[in-house]
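Have a look at the structure below before the remarks.
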Amino acid sequence: MALCLYGGAMQQSMLWCAVRVALLPLPPAVRHFSHASQRSLRESYRLLQLPDDQHSNQAQVKEAYLRMAKLYHPDSGTPTADPALFSQIEEAYRTVLAHLARRRAEDEGEEEESEPKCHAPQHRQYLSYEGVGSGTPSQRERVYRQHRMDRASEQVLEYRRRELERTAAKEEGAVSARDVRKHSRQIKITQAVERLVEDLIQESMARGDFRNLSGAGKPLSKFQHNPYADPTTHNLNRILIDNGYQPQWIVVQKEIRETVERLRAGLLGCRVGFGDPMTPHEQARWEERCQDFGNHLARLNKKVDDFNLIVPLLSKQMVHFSLQRELDWVLRADTERRRMEREREKERRRIEGRETLSGEAHAGTRQGIFYWVQNLLK
């Protein structure tokens, strides 16, 4: 009890001394320093774009500093990067943090003063060591060292665990990538073999190797059993075939072939109607007809694109029809037709001339025999 009273009296006397010192007028240098610090603190808040009421907490100050660093840091890569301004912002950030630390310390001191006077003040050395341990300072230090060793060991184990997980993830990714490459290689090999087999079948069909098969040119028996096909699928295919169903790509292929044949025939007929060489009027009409043919060919090429998307075999895909190639084909066909007509005309004239000569010779022979008979009768 006596110790408590003695401590309370000492604290009261120290408080009166602090009040008297605070009431004394400050020297000019001290007043100038306090005004400069206040001005520097306001400037720091202004640089961090914080309100001047100085009620911001540490989290808000840190958030403001990170926001300004993203804008003005030399390594941020932004157009507003400024090393000089960033150094001022960093200094302002440190000034504001120091001010907040001082204010927090003052608040803690006021709370300690407001506690009951009978409690002895806590020693500052007990506030160190992160609050770990108890007893004398040397005992707390030993406990704190052991605590740090345990924490370091846990961090090392956690780091090793993360490294093992990262290594396992990389190995798993490498294995999956290797599997994907292997699967893609197998697919390429399978497609290459299928194309090779299809090409060999087409070459054999072109040579006529399959013409000597029994039942060639005859429809397959629709009740023929296939042990390797599903019965339901077989029956569905048979029903579709009986009702005249055809796959869409076959129908589209037939339409494309008929359309291009019709366009070629129309263009060839137009060219046949013109002379050789063409007059200026015929040349203008021919160019107009070629332009119209190109428009129809562009629409046909779009249909070719749709056909290539639905055709099941790569070898069945079609290429675009070229306007220049089609015009060259029409001109060659017209030239060949005109040459054949000239040859037929020459052959016809030669035959007519031969018949005329033979007719004249026969008529001369008859007339000579008639004259010989008349002379004989005389």
Filter the range 225-258 for residues that are of a type in the set (Ser, Thr, Tyr) and either outside any helix (DSSP H, G or I) or under 24 Å from Gln317 (Cα atoms) (or both) and give the result. Tyr228, Tyr245
Taking the range 240-281 on its own, how many of its residues are touching a residue at least 60 places away in the same chain (Cβ under 8 Å) and over 42 Å from the mean Cα position of the chain (by Cα)? 5
Of the residues Arg349, Arg332, Arg289, Arg285, which is assigned to a helix (DSSP H, G or I) and more than 29 Å from Ile256 (Cβ to Cβ)? Arg349
Do the conditions hold for His119, that is, is it within 60 Å of the chain's Cα centre (by Cα) and either more than 30 Å from Leu314 (Cβ to Cβ) or modelled with pLDDT of 80 or more (or both)? no
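Every residue, every condition in (1) basic (Lys, Arg); (2) in the same structural domain as Lys254 (by TED's automatic domain parsing); (3) surrounded by 12 or more Cβ atoms within 10 Å (Cβ to Cβ), yes or no:
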position	(1), (2), (3)
Cys290	no, yes, yes
Arg299	yes, yes, no
Ser315	no, yes, no
Phe321	no, yes, yes
Leu331	no, yes, yes
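The values are calculated or read from the model by the stated rules, or taken from the named source; none is laboratory data. From a predicted model like this one, the values you see are computed outputs, not experimental measurements. Positions of Cβ are generated from backbone atoms using ideal geometry, with glycine treated the same way; all protein chains shown enter the neighbour counts.
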